[in-house]
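Enquirer: One structure is given below, represented as structure tokens, and several questions about it will come after.
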Amino acid sequence: MKAIIVLLLVFSGLFLHAQHDKRVIPIDEQTHKIKFKEVVDVEGSKDELFNRCVYWLNEFYKDPSRVTTLRDVPSGKIAGRHQFRIYYYDTDSVKVNAGLVRYKFTIEFKENRYRYTIDELVLKSTTNLPLEKWLDEDDPAYDPRWDQYLDQVVDYVDNWNTTLKEKMKPEPKKKEDDW
């Protein structure tokens, strides 16, 4: 009897751990669509932050002028569209292209802060499948690979966000040489 109780506790702990590791996909309350959004406080004027972001765009994207659809200094806004590949592994553990995920991004600047938004995520195909479909595990067409695809999307956005935050930090102030 004690062994059964111990086994039940161990298995319930594993299930709780598995639920804790599940990714968080942000859903916009109004549109019910996937939307990554954050306001980041960082030192700098609106124009300084705008310029830092342009430097980041040039490093992050291979062709930043094609990616950006708007670069408006007076309003403090940069917008663009981009896409990235997602993959799955077949039964022989071979990495297979699963398609392209398109997204729209907007970065807005104010004094000492900026806000980014990533939304309109779709799987590029003849019908441009919205990624929200992958969240529905009750869908008759549900494919377990959808979870892997969502993980890849979250990883991509995390990398996007992390590199942006690093580039948006102000340069360390140089000390004058008092000799």
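Enquirer: Restricting to segment 126-164, count the residues that are basic (K, R) and either assigned to a strand (DSSP E or B) or within 23 Å of V42 (Cβ to Cβ) (or both). Reasoning before the result, please.
Expert: Restricting attention to segment 126-164, the residues satisfying the condition of being basic (K, R) are 133, 145.
Checking which are either assigned to a strand (DSSP E or B) or within 23 Å of V42 (Cβ to Cβ) (or both) leaves us with none.
Selection size over segment 126-164: 0.
Enquirer: Go through segment 44-85 residue by residue and tally those that are in a loop (DSSP other than H, G, I, E, B), among the polar types (S, T, N, Q) and touching a helix residue (DSSP H, G or I) at 6+ places or on another chain (Cβ under 7 Å). Step through it out loud before you land on a result.
Expert: At the first step, the residues of segment 44-85 found to be in a loop (DSSP other than H, G, I, E, B) are 44-45, 61-63, 73-76.
Retained after the next criterion (residues that are among the polar types (S, T, N, Q)): 45, 75.
When the remaining residues are screened for being touching a helix residue (DSSP H, G or I) at 6+ places or on another chain (Cβ under 7 Å), the result is none.
The total comes to 0.
Enquirer: Condition first: under 14 Å from the mean Cα position of the chain (by Cα) and not aliphatic (A, V, I, L, M). Now tell me which residues in segment 81-105 satisfy that. Give the derivation first.
Expert: First, pick out the residues of segment 81-105 that are under 14 Å from the mean Cα position of the chain (by Cα): 81-86, 101-105.
Within segment 81-105, R81, H82, Q83, F84, R85, R102, Y103, K104, F105 qualify.
Enquirer: Checking K167 against (1) part of a helix (DSSP H, G or I); (2) closer than 24 Å to V24 by Cβ, only one condition comes out false. Which one?
Expert: (2)
Enquirer: Can you tell me which residue within segment 87-125, out of those that are outside any strand (DSSP E or B) and small (G, A, S), is surrounded by the fewest Cβ atoms within 10 Å (Cβ to Cβ)?
Expert: S93
Enquirer: Oh, and also: I'm trying to understand the selection: among the residues of segment 126-141, which are surrounded by 14 or more Cβ atoms within 10 Å (Cβ to Cβ) and free of Cβ contacts under 8 Å to residues at least 60 places away in the same chain?
Expert: L129, W134
Enquirer: In segment 14-22, is there at least one residue being surrounded by 14 or more Cβ atoms within 10 Å (Cβ to Cβ) and either modelled with pLDDT under 50 or farther than 30 Å from P130 by Cα (or both)?
Expert: No; the residues of segment 14-22 include none that is surrounded by 14 or more Cβ atoms within 10 Å (Cβ to Cβ) and either modelled with pLDDT under 50 or farther than 30 Å from P130 by Cα (or both).
Enquirer: Could you figure out which of (1) within 19 Å of the chain's Cα centre (by Cα); (2) at pLDDT below 95 isn't true of F60?
Expert: The single condition F60 does not satisfy is (2).
Enquirer: Residues R85, R81: which one is in contact with a Leu (Cβ under 9 Å, 6 or more places away or on another chain) and not aromatic (F, W, Y)? Walk me through how you get there before you give the answer.
Expert: Working: R81 fails: in contact with a Leu (Cβ under 9 Å, 6 or more places away or on another chain).
Among R85, R81, only R85 is in contact with a Leu (Cβ under 9 Å, 6 or more places away or on another chain) and not aromatic (F, W, Y).
Enquirer: For the subset of segment 96-127 comprising residues that are out of contact with any Phe, Trp or Tyr (no Cβ under 9 Å at 6 or more places or on another chain) and under 15 Å from H82 (Cβ atoms), which member is modelled with the highest pLDDT? Lay out the reasoning, then the answer.
Expert: As a first pass, look at segment 96-127 and keep what is out of contact with any Phe, Trp or Tyr (no Cβ under 9 Å at 6 or more places or on another chain): 104, 110-113, 124-127.
Next, from what is left, pick out any that are under 15 Å from H82 (Cβ atoms): 104, 124.
Values: K104: 98, K124: 92.
So the residue we want is K104.
The values are calculated or read from the model by the stated rules, or taken from the named source; none is laboratory data. All of these numbers come straight from a predicted model, not from anything done at the bench. Here the Cβ is made from the backbone with ideal geometry for all residues, glycine too, and neighbour counts use every protein chain on show.
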